[in-house]
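Everything below concerns the one structure shown next.
Every read-out reported here was derived from the displayed coordinates using simple, explicitly stated rules and does not represent laboratory data. Since this is a predicted model, take the numbers as computed values, not measurements. As a convention, Cβ positions derive from the backbone with ideal geometry for all residues, glycine included, and neighbour counts pool all protein chains shown.
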Amino acid sequence: MIELKDVSYTYPHTVQEALHRLSLVLEKGRCILVTGPSGAGKTTLCLAASGVLCHEYGGKKSGIVTINGRNAMDYAGLSDIAKNIGVVFDDAEAQMIFTTVEEEILSALEYRGLPPDEIERRLAAIMEVTFLSELKDRSPHNLSGGQKQRVALAATLALGNEILIFDEPTSELDEHATRRIVEILSNLKRQGKTILLVEHKYMHFREMIDTLVVMEHGAISAIGNPDDVLKDERIKRIVIPDFSGIGDNVSYAAPKSEMAAPRTPVIEIGHLSYSYDDVPALTDVNIRIESGEFVAIVGENGSGKTTLVKQFNRLLVPASGKVVVLGKNTRDCSTAELAHNVGLVFQNPDHMFFADTVKDEIAFGLENLKIENKDEIIDAALNEVGLLHAKMLYPRWLSRGERQRLAIACVIAMQPAIIVLDEPTTGLDGDEARIVMKILKDLQAKGHTIIVITHNRDIAKYCADRMILMEKGQVISDIHVRVA
Amino acid sequence: MSEILQYVHKDSFFHRLHPFSKILFIIVASVMCILATGIPFLVLMVIALLVIAYASHLHREVIRQLKLILLMSVVFIIITVLTMPNGATLCYLIPVGIPVIGGSVAITVGAIEIGLILALRFMVLIFAFQLFLISTQPRDLVHAMEKLHMPIDYILMFILALRFIPTLQIEGQRIHEAQVARGYNPGDGFIGKMRSVAPIVIPLVSNALLRSNVLGLTIDMRGYRTGTRTRVRERKFCTGDYAMMSGLVVTISGFAVMAVFASGLIF
């Protein structure tokens, strides 16, 4: 059991409290799901509940954390607390230490003071419940996001603790991988484990949740039985992403009326194939995307979605077939030239930020393309994504949702006709995801062609005009979801 | 993507060896290649290592390093030619015909020989260490180093330094793509490389620091630093190890005998 009483915490070198007089009780055998906007203090709550804040972090602390009836401060250190609590963090890659899946789990088991037979028995059992038996000799670095997260989970289960804390275990995962994690956690709950889960995907986990907690600004703004909590409409919008009605108000008719004539294709893909070493990633793909369309590309991890969009700006060159962007074959252009026409926003915005201010970060792209009137364009782009107030801030200080919007601003400032986004709502709560999708719909109304890779079928349903479903490197279906 | 210096899971005689045998193997190889100055002998050592790599199905990984090694070899030879002229002069870098500066920088046989020796030693060291690292599971390394009474924190540091290589490799590639997609074109050559530093290295280091925080917590929460542990599936000394030991003893004796009676080959 974990109890937090009046816990406040301020990180070193900051003034704002990350947690503000927060009290929470996690009873034995229960499951609490914590959700809320990014920057609300959810990860800090995980660190507080696991005793990490008490032992490893500086900063200003007050309040009491009790773990299994004992004050967290009275434990000798993290290794001592780790005999009671297992924690799985969101970054699966950072939790891989060894070089094969089996070795990772076995190494964690070896420190529990168990007899060798018992270790072997538990190893087999853990591999079984986390569906890892077939992957036992694989290198963790070569696994998919979902598989890596299962390895991190398995290594934590190896500790055999009754209390488990999960910080966004499914944030980077697709539908299929998420369902696997849900299945594993449901089984753990049934075995009587006590679970504290920070997640944005409430709908996936609702069956196993006893208590739903919504956090905002470092404090709990709603707590209780999920059905009761969700009666509040404002809270419900945070917990469950709702994209309905986003596209309805957008004057999609505007670009349409201007182009009464047959639309011009902006991207034409003919018989495109591509493979990594000897593994085929795309096989005979044929797609024609027209100007002003909003296209959603959906499919499981490894279905070839990202490989496909990387062809649009020549990060990859077709092995066979052709990709024509605005009339030009990508084989004849450089990536830098194509950047004028195709803007690509990658899944993780942190892969691009290096400047000291938000303004300089956007200016980088403009300088590369030698675009004049930088200041005006930067202001316009920031205004578009609602970040004008953050112009002089350090990009990495922004919240996850704001960083995603900044990444979009960086690309729209370069004024490409085509904007491609890889999983733009990853790691965002309902409100933030809706804001991002609204921005994209507005861009579409201004005449941009929008292409979005997503696991989220709701986005495809409510925002896109067209949905392309990919599987094993092939286009399985290509349908118009809305009547434009 | 090919991973640099990472364990490659295969079943071969070299994989099955006890880490101690392999450590002894690299010590013997290192000492011999440092003592020896005969080019034929060093070439023989390189060939022997390649044969071992081939026999343990690791030749592809080892040969992949060849490009880097050849580049380093050329650099070694240039440095020795410029700084250590010795023996008969083959020719001059700047032909004698050119007025004033003509005839300077002599390319000598001795300098080329020293450069070659350094390059070959370098090859032996890299191949031997690489064979050791890619055929030994980090777990077995931890076991072996613990037995040698190394502090657990140093062992973990060693393992993690290796472990971060592929992570940085993959991450660097992604960051590069993200910046190129923003129209970034640093250009080729040395100036291009220098210019590309900030947009690639700053995100790479910032992300790695964030990641190392999670990694540190993971190590503590899994109890790796508490020490007491049950050893399972420990590598035992097997026939291969005894064969390796005998092989090493024969090699060392042969080396000593040749050093005394046929010094032309080794020195």
Discussion item. Can you give the FRET efficiency to the nearest 0.05 for B:Ile47 and B:Val74, using r as the Cβ-Cβ distance and R₀ = 22 Å?
Written reply: 0.60
Item to complete: Could you tell me what percent of the DSSP beta bridges with both partners in the stretch A:2-239 are antiparallel, to the nearest 5?
Response: 55
Response to the item:
Around A:Arg206 (Cβ within 12 Å, Cβ-to-Cβ, excluding A:Arg206; K/R +1, D/E -1) the net charge comes to -3
Worksheet item: For A:Asp137, A:Asp277, A:Asp442, what's the fewest-to-most ordering of other Cβ within 10 Å of each Cβ?
Response: A:Asp277, A:Asp137, A:Asp442
Fill in: Calculated from backbone phi, Karplus (6.51, -1.76, 1.60) coupling profile of the stretch A:450-459 in Hz, x at Gly/Pro
10, 10, 10, 8, 8, 8, 8, 5, 4, 4
Worksheet item: Listing A:Cys54, A:Cys31 from the residue with the fewest other Cβ atoms within 10 Å to the one with the most, what is the order?
Response: A:Cys31, A:Cys54
Practice prompt. Hand me the GluC sites (Glu not before Pro) from the stretch A:82-175 located in a DSSP loop with no more than 13 other Cβ atoms within 10 Å, in residue order please.
Written response: none
Item to complete: Please name which of A:Asn368, A:Ala155, B:Met150 has its Cα lying farthest along the dipole of the protein assembly as shown towards the positive end, using unit charges on Cβ (Lys, Arg +1; Asp, Glu -1) and the Cα centre as origin.
Response: B:Met150
Worksheet entry | Among beta bridges that DSSP assigns inside the protein assembly as shown, antiparallel share in %, nearest 5 | 55
Discussion item. Suppose each label sits 7 Å from its Cα in the direction of the beta carbon; what would the B:Phe13-A:Val279 distance come out to in nanometres?
Written reply: 3.3
Discussion item. For the pair B:Ser246/A:Met392, report the inter-label distance in nm, with labels modelled 7 Å from Cα in the Cβ direction.
Written reply: 7.9
Worksheet, complete the sentence: Other residues with Cβ under 14 Å from the Cβ of A:Leu19 give, with Lys and Arg +1 and Asp and Glu -1, a net charge of +2
Worksheet item: Could you give the nm distance between label points at B:Val205 and A:Asn187, where each point is 7 Å from its Cα heading toward the beta carbon?
Response: 4.4
Worksheet item: Long-range amide H contacts for B:Thr108: which residues qualify at under 5 Å (H placed 1.01 Å from N, peptide plane, sequence gap of 5 or more or a different chain)?
Response: B:Asn86, B:Leu90
Worksheet item: For the stretch A:89-105 and the stretch B:209-224, what is the separation of their Cα centres, given in Å?
Response: 11
Worksheet item: Anyone know which of B:Glu177, B:Glu113, B:Glu146 comes out most mobile in the 10 Å Cα GNM of chain B?
Response: B:Glu177
Response to the item:
Gyration tensor (Cα only) of chain A to equivalent ellipsoid, semi-axes in Å sorted down, yields 41, 27, 21
Item to complete: Quick one: grab Rg to one decimal and Dmax as a whole number for the stretch B:137-236, Cα atoms only, in Å.
Response: 18.8, 56
Discussion item. Under 30 Å between alpha carbons: how many lysine pairs meet that in the stretch A:269-425, if sequence neighbours fewer than 8 apart on the same chain are excluded?
Written reply: 16
Fill in: Part-to-part distance (alpha-carbon centres) for the stretch B:84-110 and the stretch B:128-145, which is given in Å
47
Response to the item:
In units of 2.2 N^0.38 Å, the Cα radius of gyration of the stretch A:172-220 is 1.23
Worksheet item: How long is the gain from B:Ala198 to B:Leu90 if the chain were fully straight, where each residue apart is worth 0.36 nm and the alpha carbon distance is subtracted?
Response: 34.4 nm
Fill in: Largest to smallest principal axis extent of the C-alpha atoms in the stretch A:1-124, angstrom
49, 31, 27
Worksheet, complete the sentence: Rounded to whole angstroms and listed largest first, the alpha-carbon spread of the stretch A:387-484 along its three principal axes comes to 45, 27, 24
Worksheet item: What helices does chain B hold that run 18 Å or longer along their axis, going by alpha-carbon atoms, with a Kyte-Doolittle average of 1.0 or more, using DSSP H for the helix calls?
Response: B:19-35, B:39-55, B:66-83, B:109-135, B:197-221, B:239-261
Worksheet item: If you plug each phi of the stretch A:142-159 into the Karplus form 6.51 cos²θ - 1.76 cosθ + 1.60 with θ = phi - 60°, what whole-Hz ³J(HN,Hα) values come out, in order, with x for Gly and Pro?
Response: 9, 8, 6, x, x, 5, 4, 5, 5, 5, 4, 5, 5, 5, 6, 4, 4, 5
Discussion item. List the residues, sorted by chain then number, that are 5 or more residues from A:Arg30 or on another chain and whose placed amide H is less than 5 Å from its amide H.
Written reply: A:Ile195
Discussion item. Considering only C-alpha atoms, what is the centroid distance from the stretch A:66-87 to the stretch A:416-462, in Å?
Written reply: 43
Discussion item. At 222 nm, what value in deg cm²/dmol follows for chain A if DSSP H runs of at least 4 each add -39500 (n - 2.57) and the sum is divided by all its residues, to the nearest 500?
Written reply: -9000 deg cm²/dmol
Worksheet item: Please report, for the Cα atoms of the stretch A:2-239, the Rg to one decimal and the Dmax as a whole number; what are they, in angstrom?
Response: 17.7, 54
Worksheet entry | Estimated D of the stretch B:36-103 in µm² per second, where Rh is the Kirkwood radius over Cα pairs and Stokes-Einstein applies at 37 °C, 0.692 mPa s | 215
Item to complete: Taking amide H positions as placed in the peptide plane 1.01 Å from N, state which residues far from A:Gly63 in sequence (5 or more) or on other chains have amide H under 5 Å from it.
Response: A:Ser8
Worksheet, complete the sentence: A convex hull over the alpha carbons of the stretch A:440-480 yields, per residue, a volume in Å³ of 76
Fill in: Theoretical gain in end-to-end length, B:Leu5 to B:Thr228 [0.36 nm per residue, Cα-Cα removed]
77.4 nm
Practice prompt. Grab the alpha carbons of the stretch A:246-480, take their convex hull, and tell me the volume per residue in Å³.
Written response: 127
Response to the item:
In whole Hz, the Karplus estimates of ³J(HN,Hα) for the stretch A:460-470 (6.51, -1.76, 1.60; θ = phi - 60°; x where Gly or Pro) are 4, 5, 9, 10, 8, 8, 8, 10, 10, 9, 10
Worksheet item: Rounded to the nearest 500 deg cm²/dmol, what is the calculated helix-only ellipticity per residue at 222 nm for chain B, with -39500 (n - 2.57) per DSSP H run of length n ≥ 4?
Response: -23000 deg cm²/dmol
Practice prompt. Answer with one residue from A:Ile181, A:Phe98, A:His217: the one whose Cα lies farthest towards the positive end of the charge dipole of the protein assembly as shown, charges on Cβ with Lys, Arg +1 and Asp, Glu -1.
Written response: A:Phe98
